[in-house]
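The next block holds one structure in the form of structure tokens; read it before the comments.
The values are calculated or read from the model by the stated rules, or taken from the named source; none is laboratory data. Everything numeric in this text was worked out from a predicted model, so none of it was measured. Positions of Cβ are backbone-derived with ideal geometry, glycine not excepted, and every protein chain shown enters the neighbour counts. When the accessible area is computed, the model is the full protein with side chains, heavy atoms only, and any ligands, DNA or RNA have been set aside. Shrake-Rupley method; radii C 1.70, N 1.55, O 1.52, S 1.80 Å.
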Amino acid sequence: MDKLLIQGGARLDGETTVSGAKNAALPILCATLLSAEPVTLTNVPQLQDIATLLRLLGQMGVAVERDGDRVTLDASGLDNPLAPYEMVKTMRASILVLGPLMARVGEARVSLPGGCAIGARPVDQHLKGLQAMGAKIAVEQGYIHATVAGGLKGARLFTDMVTVTGTENLMMAACLAKGETVIENAAREPEVVDLANCLVAMGARISGAGTDVIRIQGVECLHGAEHRIMPDRIETGTYLCAAAATGGSIRLMGTSTSYIDAVVDKLLDAGCEIEGERDAIRLTAPPRLTSVSIRTAPYPAFPTDMQAQFMAINCVAEGTAVIRETIFENRFMHAVELQRLGAEIRIDGNTAVVTGVDRLEGASVMATDLRASAGLIIAGLVADGETLVDRIYHLDRGYEKLGDKLSQLGARVSRVR
Ligand code: UD1
């Protein structure tokens, strides 16, 4: 199993390019199930999760052609609406096939995702919404078996909490339902908007994406289209944090500050200078950051996917920060690993209190999930000596060419077996 060896202490300096957003690409790839015509996507990141989803779609009868960041999917031969456990367990986002399959063929068998390192993560809201649209749902032997006779019907949907993939699944299902669907309490994440833009390019009638009420007028069928995936705001934020923690100065290309206001705001509070260009961001960090407290919440508030990275920067900042995690119940697993590097962190329920220390010291640490790994890498970059991050397959799920990009920025990192 690969590990990442980091020789800490190098100040990040230079330029690199941000990839397409994993969390936009995943639902958009699933959206291609809704059409019997080819859909071409560009800026698709080369990541483990994307490869898993393409394999899953292939098994369902979708023809997939891939050339670098360009992927063409043709779901005219869709004949096997099944998402098996072996795939869903490695990637929870596989649940995103459920809505499109129900809309297009009126049937789906999708494994229940089960828990994951960061919490229980149920999908009850996805199921409740589909039921309101007329679906019959049974859970048998760990599989969701959903059917609908005569097609889905538009409905007024209200989710109990803001759910990103829940909103996406229901929005996709509604595109081919009869009549109007209204999703209230909808997620406002930019990835929901990117998905809506792609669906509209395919002929869907959607308004309100990006607000908490989305209206969809069902149409007979969707057609082919070409769509460019938005830049990855979490990858963007992660490199900004890495540069900030090392007192560095970097320029990130292929991205923009538009979707990361909450993150930029906190980095400014921490003492960084940030300049947004048309398709790039520059960050210059002070020699030592000031602590910044954060509270995670649905967009446009501070993203839970950036919590671990901010815990890492607070470990070496001046002062004490309070970090509150309100989205997932078990998302502080990186804290104990950061403590192994000498961080001062106290956890009480969903609150972490981090007091910055003068220096961290390299050690072996274990990645527990995708964003936790990013936090450990940032800490490794500032720690004295060597840090060995184990289980970096988590990072391969979500960060394209992480080692190469960090090296371009001047970090001393290498993959080891
Ligand atoms: C998405 C992102 C993930 C991010 C998360 C929160 C993708 C592929 N993943 O995950 O990176 O961390 O949003 O921004 O886009 N919940 C329920 N029942 C449901 C659905 C959700 O109880 O049916 C709960 C979850 O357990 C969690 C909260 O709602 O506590 C928000 O989860 P949700 O927005 O659904 O996360 P994902 O869409 O899985």
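Looking at segment 327-386, which of its residues are among the basic types (K, R) and crowded, with 22+ Cβ neighbours inside 10 Å?
Result: R331, R371.
Name the single residue that is farthest from Y259 (Cα to Cα) among those in segment 207-224 being touching a Cys at 6+ places or on another chain (Cβ under 8 Å) and part of a strand (DSSP E or B).
L222
With G237, G203, G247 as the choices, which residue is under 30 Å from N314 (Cβ atoms) and part of a loop (DSSP other than H, G, I, E, B)?
Residue meeting the stated conditions: G247.
Tell me the residue from A21, A51 that is closer than 25 Å to V164 by Cβ and either over 22 Å from the mean Cα position of the chain (by Cα) or buried (at least 23 other Cβ atoms within 10 Å of the Cβ) (or both), please.
Numbers: A51 fails: either over 22 Å from the mean Cα position of the chain (by Cα) or buried (at least 23 other Cβ atoms within 10 Å of the Cβ) (or both).
It is A21.
Within segment 133-142, is even one residue in contact with a Gly (Cβ under 7 Å, 6 or more places away or on another chain), more than 21 Å from M171 (Cα to Cα) and exposed (fewer than 15 other Cβ atoms within 10 Å of the Cβ)?
No: zero hits.
Does V88 meet the test of being aliphatic (A, V, I, L, M) and either modelled with pLDDT of 95 or more or within 30 Å of L252 (Cα to Cα) (or both)?
no
Based on what the data block shows, is L26 open to solvent by less than 10 Å² (accessible area, probe 1.4 Å), in a helix (DSSP H, G or I) and within 23 Å of Y393 (Cβ to Cβ)?
It is true that L26 is open to solvent by less than 10 Å² (accessible area, probe 1.4 Å), in a helix (DSSP H, G or I) and within 23 Å of Y393 (Cβ to Cβ).
Just give me the residues in segment 119-132 being open to solvent by less than 30 Å² (accessible area, probe 1.4 Å), of a type outside the set (A, V, I, L, M, F, W, C) and either out of contact with any Ser or Thr (no Cβ under 6 Å at 6 or more places or on another chain) or more than 16 Å from the ligand (Cβ to nearest atom) (or both), in sequence order.
Those that are open to solvent by less than 30 Å² (accessible area, probe 1.4 Å), of a type outside the set (A, V, I, L, M, F, W, C) and either out of contact with any Ser or Thr (no Cβ under 6 Å at 6 or more places or on another chain) or more than 16 Å from the ligand (Cβ to nearest atom) (or both): G119, H126, G129.
Can you pull out every residue in segment 329-386 that is within 16 Å of the ligand (Cβ to nearest atom) and on the phi > 0 side of the Ramachandran plot?
Scanning segment 329-386 gives a single hit, G349.
Please go through segment 387-417 and give me each residue that is among the β-branched types (V, I, T) and crowded, with 20+ Cβ neighbours inside 10 Å, ordered by number.
Going residue by residue through segment 387-417, those that are among the β-branched types (V, I, T) are 387, 389, 392, 413, 416.
Result: T387, V389, I392, V413.
Among the numbered conditions (1) buried (at least 19 other Cβ atoms within 10 Å of the Cβ); (2) under 21 Å from Y399 (Cα atoms), tell me where A321 comes up short.
For A321, the failing item is (2).
Quick one: which of I206, I234 is closer than 19 Å to G129 by Cα and of a type outside the set (D, E, K, R)?
Of I206, I234, the one residue that is closer than 19 Å to G129 by Cα and of a type outside the set (D, E, K, R) is I206.
Which of the residues spanning segment 234-255 are open to solvent by 30 Å² or more (accessible area, probe 1.4 Å) and at negative phi?
Once the filter is applied, which keeps residues that are open to solvent by 30 Å² or more (accessible area, probe 1.4 Å) and at negative phi, segment 234-255 yields S249, R251, M253.
Kindly provide the set of residues from segment 256-305 that are assigned to a helix (DSSP H, G or I), open to solvent by 40 Å² or more (accessible area, probe 1.4 Å) and within 16 Å of the ligand (Cβ to nearest atom), ordered by number.
Answer for segment 256-305, where residues must be assigned to a helix (DSSP H, G or I), open to solvent by 40 Å² or more (accessible area, probe 1.4 Å) and within 16 Å of the ligand (Cβ to nearest atom): Y259, D261.
Considering only residues that are in contact (Cβ under 8 Å) with a residue 40 or more places away in the chain and among the basic types (K, R), look in segment 141-196 and name the one that is nearest to the ligand (Cβ to nearest atom).
Out of the qualifying residues, it is R188.
For E273, indicate whether it is of a type in the set (D, E) and more than 30 Å from G203 (Cβ to Cβ).
Answer is yes for this residue.
Please enumerate the residues belonging to segment 352-389 that are of a type in the set (D, E, K, R) and within 21 Å of the chain's Cα centre (by Cα).
D369, R371
Just give me the residues in segment 143-172 being under 28 Å from K22 (Cβ atoms), over 21 Å from the mean Cα position of the chain (by Cα) and open to solvent by less than 40 Å² (accessible area, probe 1.4 Å), in sequence order.
I144, A146, L152, L157
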